[in-house]
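These notes concern the structure reproduced below.
The values are calculated or read from the model by the stated rules, or taken from the named source; none is laboratory data. The model shown is predicted, which means the values in this text are computed figures rather than measured ones. Here Cβ is always computed from backbone atoms with ideal geometry, including for glycine, and neighbour counts include all displayed protein chains. SASA here: full protein model, heavy atoms, side chains in, ligands and nucleic acids out. Shrake-Rupley method; radii C 1.70, N 1.55, O 1.52, S 1.80 Å.
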Amino acid sequence: MVAVVATPLHYPVAYILNRAGRGRLSLTGLVVGSFLPDIEVPVLLLIGFEYPHDRLVLHSIVGCLLFSWIIAAIALPFYGLFVEKLLNVKFEEKLTLNFLVSAEIGALFHVFVDLFHHAYNPLLWPFSSESVDTLVLFGNWRLASIVMHVIFGTLLLVIVLIELRNIKRLEEKSGVDLLRKLLIRLLVERVDVK
């Protein structure tokens, strides 16, 4: 049984925060931040941690606040290269305070969402490595994980449908162009289409 909302399913939170803030927060920062905490999972597994204790530093409030903005700053150029290669655009997001704050907010919301469905939630690390399970839905992380997957998968589908409708309103296209435009709208704010 998978006990996590798969990392891409954290995207709806970034999208909703960006829209709720009327674009004041960086969508790119929110997206990068919302994915960041899960980068520690493969690292911890590689160095010998075992499930469910494969989440620690970046899944705690202190670790998230101390390290997410640094990792986001390091990740930004790589995210830019990924976007440029995938979408054939010139990535224009710069390392700004708004990007860093947005990444931090995205990472903190990732940690918050995870509190509802994980078997191990090290929220208070380094002060305590005990799991904070008070918010796990139904008191059952397995059932909660299924419910969260359904909720966030549905949200992602709704977001894609909304953005497709918005693209079609702007310009009628089909095929690869439509997919490319959709991904641009979902992944970045500032690009120069080549």
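Highest mean packing first, where packing is the average number of other Cβ atoms within 10 Å per residue, the peptides 24-33, 8-17, 150-159 line up as 24-33, 8-17, 150-159.
For the residues F78, F127, F67, a GNM of the chain with alpha-carbon springs under 10 Å puts the largest fluctuation on F127. Inter-label distance, L157 to E50: 3.7 nm, where each label sits 7 Å from its Cα along the C-beta direction.
Using the heavy atoms of the protein chains and a 1.4 angstrom probe, tell me the accessible area per residue for the stretch 94-163 in square angstrom.
Values: 3610 Å² over 70 residues.
It amounts to 52 Å² per residue over the stretch 94-163.
Within the listed set S34, S60, S129, the Gaussian network model of the chain (springs between alpha-carbon atoms below 10 Å) gives the highest mean-square fluctuation for S129.
All other residues with a Cβ under 15 Å from the Cβ of A75 taken together, and with Lys, Arg as +1 and Asp, Glu as -1, what is their net charge?
Numbers: positive: K94; negative: D38, E40, E84, E93, E104.
Neighbour charge sum, excluding A75 itself: -4.
Pop out the carbon and sulfur fraction of the accessible area of the stretch 23-79 as a percent, whole number, probe 1.4 Å.
On the way: 2140 of 2630 Å².
Of the solvent-accessible surface of the stretch 23-79, carbon and sulfur hold 81 percent.
Non-local lysine pairs in the chain, meaning eight or more places apart or on different chains, with alpha-carbon distances under 13 Å, amount to 5.
Quote the charge dipole size of the stretch 42-194 about the Cα centre in Debye, to the nearest 20; the model charges only the Cβ of Lys and Arg (+1) and of Asp and Glu (-1). Walk me through the numbers on the way to the answer.
Values: 14 positive and 15 negative charges, 128 e Å.
It comes to approximately 620 debye.
Note on the stretch 72-136: along the principal axes its Cα atoms extend 45, 23, 15 Å, ordered by decreasing extent.
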